Amino acid sequence: MKQKSISVIMGILGVFSAYGCTSNSLKVANQSLSLPPQVVINNVQLQKEITIGIGSDRTNDNDILEAFVDVQSKVSNAVTLQYRFRWFDKEDYEVGQNMSMWLPLFLEPKDSIKVTGVAPTPKADSFKFYLKKGN
């Protein structure tokens, strides 16, 4: 199984704490934020409601990249979110463009879930995980 590299990116409004990850800093609303790899968020409020832990990625038997992301609620009420994965090749071009749909994610109070994504093609070498408030 070959080692897959993972892209590092964050949305301007995104924040989370992740375990054991190298972090970057970004200033949003005069706050210095510690950012985990591979996550794009569109709402600062999510910082107070969830924690994201990038679990791992692997190549399955068909040489297709699979990604695992841990999402945990930190609040005592239910949280409705939407997520999607986007996949990129070694040159950082998106593969399976326009195939990534927003999917619902519902977390009970203090609940956690491992979200799994499978690349649409063996050309995928890395991924980005997008998360936003649900409707």
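The values are calculated or read from the model by the stated rules, or taken from the named source; none is laboratory data. From a predicted model like this one, the values you see are computed outputs, not experimental measurements. Cβ sites come from the backbone with ideal geometry, for glycine too, and all protein chains shown count toward neighbours.
Would you tally the residues in region 83-135 being farther than 17 Å from D57 by Cβ, in a loop (DSSP other than H, G, I, E, B), at pLDDT 90 or above and not aromatic (F, W, Y)?
Adding up the residues that qualify gives 6.
Answer yes or no: is there a residue in region 62-79 that is surrounded by fewer than 17 Cβ atoms within 10 Å (Cβ to Cβ), more than 12 Å from the chain's Cα centre (by Cα), outside any strand (DSSP E or B) and free of Cβ contacts under 8 Å to residues at least 12 places away in the same chain.
Within region 62-79, none of the residues are surrounded by fewer than 17 Cβ atoms within 10 Å (Cβ to Cβ), more than 12 Å from the chain's Cα centre (by Cα), outside any strand (DSSP E or B) and free of Cβ contacts under 8 Å to residues at least 12 places away in the same chain.
Based on what the data block shows, is Q45 modelled with pLDDT under 70 and either basic (K, R) or surrounded by fewer than 16 Cβ atoms within 10 Å (Cβ to Cβ) (or both)?
So Q45 does not fit the description; no.
Inspect all residues belonging to region 105-117 and state whether any of them is under 17 Å from Q38 (Cβ atoms), surrounded by fewer than 14 Cβ atoms within 10 Å (Cβ to Cβ) and touching a strand residue (DSSP E or B) at 6+ places or on another chain (Cβ under 6 Å).
For region 105-117, residues under 17 Å from Q38 (Cβ atoms), surrounded by fewer than 14 Cβ atoms within 10 Å (Cβ to Cβ) and touching a strand residue (DSSP E or B) at 6+ places or on another chain (Cβ under 6 Å): present.
Among the numbered criteria (1) surrounded by fewer than 12 Cβ atoms within 10 Å (Cβ to Cβ); (2) within 13 Å of the chain's Cα centre (by Cα), which single criterion is violated by K132?
(1)
Determine which single condition T80 fails, assuming it passes every other condition in (1) at pLDDT 90 or above; (2) out of contact with any Leu (no Cβ under 9 Å at 6 or more places or on another chain); (3) not small (G, A, S).
Every condition holds for T80 apart from (2).
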